[in-house]
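Step one of this worksheet: look at the structure below.
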Amino acid sequence: MDSTTSTQDSRAADGAPTAAETDLNLKLRRQSSLWSDAFRRLRRNKASLVGLAIILIFVLMAIFADVIAPYDPYKTDFAAVRQPPSVQHLMGTDKQGRDILSRIIHGARVSLAIGFASQVLVATIGIFLGSLAGYYGGWVDTVIMRVTDIFYAFPTFLFLIILMAAFGRGFVNLLFALAFTAWVGLARLVRGQMLQLKQREFIESSRSLGASDARIIVRHLIPNLLGAVIVAFSFGVPGAILAETGLSFLGIGLVPPTPSWGIMLNDGFAVLRSYPHMALFPGLVLALTQLAFLFLGDGLRDALDPRMKR
Amino acid sequence: MWQYIVRRVLQAIFTLFVLSLITFFVAKVTPGSPLGLDDPENAAKITPAMRKQLLEQYDLDKPVPVQYVLWFTKFIRGDLGLSLTYRNEHVQDILARTWPISAQLGLIAALLAISLGTLLGIVAAVYRNTFIDYASMFIAVIGVAVPSFVLAIGLILLFSLTLHWFPVTGWGTPERMVMPILVLMLGPLATTARFTRASMLEVIKQDYVRTARAKGLLERVVILRHVLKNALIPVITVAGPTLAGMLTGSVFVEQIFTIPGVANAFVGAIGGRDYPMIMAQTIIFGGLVIFMNLAVDVAYGIIDPRIRYS
């Protein structure tokens, strides 16, 4: 890790690297770049590769939902409601005769969109405020940290419920509610990393060469805390998916007829005794996604967390 | 240390004040009127005079900031106000009715989760890379990954609808309590087990453990005397967030198993825009989260003399 960052520094001073420098850079990078190191460690971890494969399948399912899904997820068929799994409908149909498999495939799109979009928002807010607080310290730090203290004490899920009840169900509202309640953890993480990093020698040397604050933050500090952010991201996405399905299950997340796994679970739970397939399949798929993200997240943490470095 | 505790308590009071402010104003932007006054069905039955009287009785005719001040002055005198969904019932009476049930559920689940989770983690670490370890960690991974509402649905399908061992709903008799407690405790149990195992393995690597082994101590003595004491200290830090997470779990558990507890009353209050209930509950939950975090920090300092308060 140190080798890459210090070579970046020597380049930062005058812009274009000399040929010798490039050569040296390449050599050093081949020896031990943070990312190739991390990737090698990740590859050794079987469970996280399985997790990654499952997530990739879900991502492909989400992208090509229109092609893969055997039926239109919104198409009702009142001649065939609540049918158990059959050859025509592999996972059966729901209370309006919609094909459950097709709704699960389109549901992957909804879940992943919520998961990733909310975490992009969280990362943006968290990195921005965390960097400000950690880099500048003083009253900026005090103000931002007091705000995170307050947010930290909020019972997050209950606050999500209150927000969703106040501003109404729906995709956009849910996205902002999730970002609004989740940025605190990342801001604290980034600030903590910043505090450690900014005292390191390569930052000092960069500053002595006249680099601006913005340049130091963007070019030197943020790339170095990216590992921690990626790990937080990999745990944030399933967290957001869980919150979405949970809120939808309670009836205050997304609006029907959106194909959300949470809404499907809610529909199925109401008639669990007679039509168990309606809740069973969305439940299994949700559990599988959570499992996959947990495996990948564990693997990423072991691969990227410098404290665990062997 | 007392200085530190006093400062944290003062901070907590300020945090709760801000929490109450934000919750109050968010609850107030919620569209629709409480008491069902805007309901077209009721509109015909409610005369303007009645409407005016009702609004006055609940202070709803005054501007929102004035309403907050009125709520606040009542609150510090211990009057939580009249509930809007359960007519003519004081919020404190509703809480007195619902809290013991939730507390019973939560405490049993928490005690089981922490004790069994720690035990599972210790056993897995002691017998690391054996079948016992893999089996324990399999349970733990399932517990972390499977969402409580999916787990609840699975248990109902298996134990209630297929095997007919336990009834699906209610609270009070032992057979009704098994499944809710199981669902609520599995997540925290799994988190504790994973963390305990990781912490144990970290300590087992230390030089002083090698020394203890080298001087010929029995493995049992090494584990009990030297490893366990140091490994369990960091586990305390996850106890706070884990227990706070049980508040979220209880929302689903009480909904699914229709337990007349406090989380159910909260969800009901949200639906009815019952702001006195929402306020009281948010403050209590927030206070609980803050208290648990503080208790964990203080306990940590008492147990681990290396920690200094600042």
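So for A:Arg273, A:Arg219, what's the accessible-area order with a 1.4 Å probe, most first?
Result, largest first: A:Arg273, A:Arg219.
The accessible-area ordering, largest first, of the residues B:Glu89, B:Glu254, A:Glu204, B:Glu219 stands as A:Glu204, B:Glu219, B:Glu89, B:Glu254, per a 1.4 angstrom probe.
With an 8 Å Cα cut-off and a minimum separation of 6 or more residues, compute the relative contact order for the stretch A:179-307 in percent. Working shown, then result.
Details: 94 pairs, mean separation 27.0, N = 129.
With pairs under 8 Å counted, the relative contact order is 21 percent.
Here the sum of -39500 (n - 2.57) over DSSP H runs of 4 or more residues, divided by the residues of chain B, equals -24000 deg cm²/dmol at 222 nm, to the nearest 500. For chain A, set up a Gaussian network in which alpha carbons nearer than 10 Å are linked by springs, and say which option among A:Leu158, A:Leu129, A:Leu42 fluctuates the most. With Cα springs under 10 Å in chain A, the top fluctuation among A:Leu158, A:Leu129, A:Leu42 is at A:Leu158. Could you tell me how far the Cα centroid of the stretch A:147-162 sits from the Cα centroid of the stretch B:134-207, in Å? Here the two parts' Cα centres lie 26 Å apart.
For the stretch B:153-257, which semi-axes, largest first and in whole Å, follow from the square roots of 5 times the eigenvalues of its Cα gyration tensor?
Largest first, the stretch B:153-257 gives 40, 16, 10 Å.
Taking every C-alpha pair closer than 8 Å and separated by at least 6 residues, the mean separation divided by the residue count of chain A gives a relative contact order of 25 percent.
If R0 is 35 Å, the Cβ-Cβ spacing of B:Gln3 and A:Arg207 corresponds to a FRET efficiency of close to 0.45. At what distance in nm do the modelled label points of B:Tyr127 and A:Thr124 sit from each other, each positioned 7 Å from its Cα along Cα→Cβ? In this crude label model, B:Tyr127 to A:Thr124 measures out at 5.1 nm. Taking one quarter of the surface of the C-alpha convex hull of the stretch B:183-310 gives a mean projected area of 10.4 nm².
Each label point was placed 7 Å from the Cα along the Cα-to-Cβ direction; for B:Gln57 and A:Val59 their separation is 5.9 nm. Binning the C-alpha pair distances of the stretch B:111-163 at 10 Å intervals from 0 yields a P(r) profile of 23, 38, 31, 8 %, listed from the shortest bin outward. Over the C-alpha atoms of the stretch A:70-153, the Rg to Rh ratio, Rh being the Kirkwood estimate, stands at 1.41. Tell me which DSSP H helices of chain A clear both cut-offs, 18 Å or more of axial length from alpha-carbon atoms and a mean Kyte-Doolittle hydropathy of at least 0.5. Taking the DSSP H segments of chain A (at least 18 Å long, mean hydropathy at least 0.5), we get A:46-63, A:100-136, A:138-153, A:171-197, A:222-250, A:277-304. Note on the stretch B:141-215: Cα Rg divided by 2.2 N^0.38 Å, N the number of residues, gives 1.68.
Using heavy atoms of the protein chains and a probe of 1.4 Å, the accessible area assigned to B:His164 is about 130 Å².
Pairs of alpha carbons in the stretch A:96-203 separated by more than 24 Å make up 40% of all such pairs. Provide the solvent-accessible area of B:Ile76, counting protein heavy atoms only and rolling a 1.4 Å probe, rounded to the nearest 10 Å². My reading of the accessible area for B:Ile76 is about 120 Å². For A:Val50, the solvent-accessible surface with a 1.4 Å probe is about 80 Å², rounded to the nearest 10. The ellipsoid that matches the Cα gyration tensor of the protein assembly as shown has semi-axes, each √(5λ) in whole angstrom, of 42, 32, 29, with the longest given first.
Using only the alpha-carbon atoms of the stretch B:91-303 as identical scatterers, what base-10 log of I(q)/I(0) does the Debye formula give at q = 0.13 Å⁻¹? Taking Cα atoms of the stretch B:91-303 as identical point scatterers yields -0.81.
Below 8 Å, C-alpha to C-alpha, sequence gap of six or more: please give me the relative contact order for the stretch A:74-131 in percent.
Worked out over the stretch A:74-131, it gives 23 percent.
With R₀ set to 41 Å, the beta-carbon distance separating B:Gln92 from A:Asp77 gives a calculated FRET efficiency near 0.20. Just checking the listed ones, B:Arg197, B:Arg77, B:Arg225: in the Gaussian network model of chain B with Cα springs under 10 Å, the one fluctuating most is B:Arg77. When only alpha carbons are used to place a centre, the stretch A:44-91 and the stretch B:51-97 end up 49 Å from one another. Multiplying each eigenvalue of the alpha-carbon gyration tensor of chain A by 5 and taking the square root yields semi-axes of 44, 24, 14 Å, largest first, rounded to whole angstroms.
Only DSSP H runs of four or more residues enter the estimate; each adds -39500 (n - 2.57), and after division by the residues of chain A the mean residue ellipticity at 222 nm equals -24500 deg cm²/dmol. When every alpha-carbon pair in the stretch B:61-124 is counted, what percent end up more than 15 Å apart? Roughly 70 percent, once rounded to a whole number.
Label sites at B:Thr258 and B:Trp165, each approximated as a point 7 angstrom past Cα along Cα to Cβ, lie 2.3 nm apart.
The values are calculated or read from the model by the stated rules, or taken from the named source; none is laboratory data. The shown structure was predicted, so the numbers you read here are calculated from the model rather than taken from an experiment. Positions of Cβ are generated from backbone atoms using ideal geometry, with glycine treated the same way; all protein chains shown enter the neighbour counts. Side chains included, ligands, DNA and RNA excluded: accessible areas come from the protein's heavy atoms. Shrake-Rupley method; radii C 1.70, N 1.55, O 1.52, S 1.80 Å.
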